[in-house]
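Trainee: First the structure, then my questions, so here it is.
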Amino acid sequence: MTTATTITSTSSAQPTAGAAPTKFRKDRRINWWLTAVVAVFSLTILVPLYFTVVTALKTPAEAGTFSLPSSWQWGNFAAASAKVDYPRAALNSAIITVLAVSLTLVTNTFVAYAIARNMDKRFFRILYYFFIAAMFVPFPVVMLPLAKQMGSWHLDNQAGLIILYVILGLGTNLFIATGFIRSIPISLEEAARIDGAGTWRIFWKIIFPLMGPINATIAIMTALWAWNDFLLPLIILTDQSNQTIPLAQYVFSSQFATNYPQAFASYLMAMAPVLVVYIFAQKWVVGGVMRGAVK
């Protein structure tokens, strides 16, 4: 009798087949101070974005308030596109952005690989700190000499602008990529060299594919910079037909002096492409920076 009771008690204590296992979760305390800070920072972004959207859909008489428009003026986008020649400006921005990102990935990552694998040598250490120090030089300090030099070399065009994006971004990209490359085991390269692979083949066949997260981060950061940049195209580009979206909006700003809905519609169209890209790619930006900063 006792044995039967024990067996019955044991079988009843075991979970039935197909039942979900019990999960024990620890009680996590909510940091309300941190939550409040995050909420405030979120409002500093969401409130201007809301104001931009609602203003772009209003009439000029309704502009300047946070209320929803009485009638949705979708024609503001078409009018703004015609006034700033949005298709041409968007094409110029796209060409510059794509070429700048492509050349940056090809050149900056290889420089980072060369420095990361030779940090024990004095020359490469000095070169590394030289590029890193360039990150702390304010751009207005070198702005006018840079514009004069590019003009004397006849590079005051889209080609010169792309070259500057590749060079000026080298310091940040080097800082991100070097730490990640040094975390890649050197044994992978040694095994490839035993099989007869040279430096170029090792980089393109082994190192470059492994740098996927870092390359995604560098590409996204460069694309955001090249698409949204205003100052560098302003001082470099001399042909008005080559102007980018931010520059086109600046040139026609006087036309929007009394028509804020069209101005905000133009800003929204310029912001929309990179905003969509960043929403879907932000995990690579954060993850890539963390992998590059922490060895």
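The values are calculated or read from the model by the stated rules, or taken from the named source; none is laboratory data. Note that the structure is a prediction, hence the values are computed from the model and not measured. Cβ: placed from backbone, ideal geometry, glycine included. Neighbour counts: every protein chain shown. Heads up: the accessible areas ignore ligands, DNA and RNA and are worked out on the full protein's heavy atoms, side chains in. Shrake-Rupley method; radii C 1.70, N 1.55, O 1.52, S 1.80 Å.
Trainee: What Kirkwood radius, in Å to one decimal, follows from the Cα pairs of the range 74-293?
Mentor: 19.3 Å
Trainee: Also, I was wondering about something else. As a test of reading the structure, rank ILE206, ILE194, ILE184 by solvent-accessible area (1.4 Å probe, protein chains only), most first.
Mentor: From most exposed to least exposed: ILE194, ILE206, ILE184.
Trainee: Each label point is 7 Å from the Cα along the Cα-to-Cβ direction; what then is the distance between the points at TRP200 and LEU91, in nm?
Mentor: 3.5 nm
Trainee: What is the ratio of the Cα radius of gyration of the range 56-147 to 2.2 N^0.38 Å, where N is its residue count, to two decimals?
Mentor: On the way: Rg = 23.4 Å, N = 92, 2.2 N^0.38 = 12.3 Å.
Relative to the 2.2 N^0.38 Å estimate, the range 56-147 comes out at 1.90.
Trainee: Would you mind pulling out the separation of the Cα centroids of the range 116-135 and the range 163-178, in Å?
Mentor: 13 Å
Trainee: Keeping all protein chains in position, work out how much accessible area LEU103 exposes to a 1.4 Å probe, and write it in Å² to the nearest 10.
Mentor: For LEU103, the solvent-accessible surface is approximately 80 Å².
Trainee: Then there is this: Three principal axis extents, largest first, for the C-alpha atoms of the range 47-202, in Å?
Mentor: For the range 47-202, the Cα extents along the three principal axes come out at 72, 39, 28 Å.
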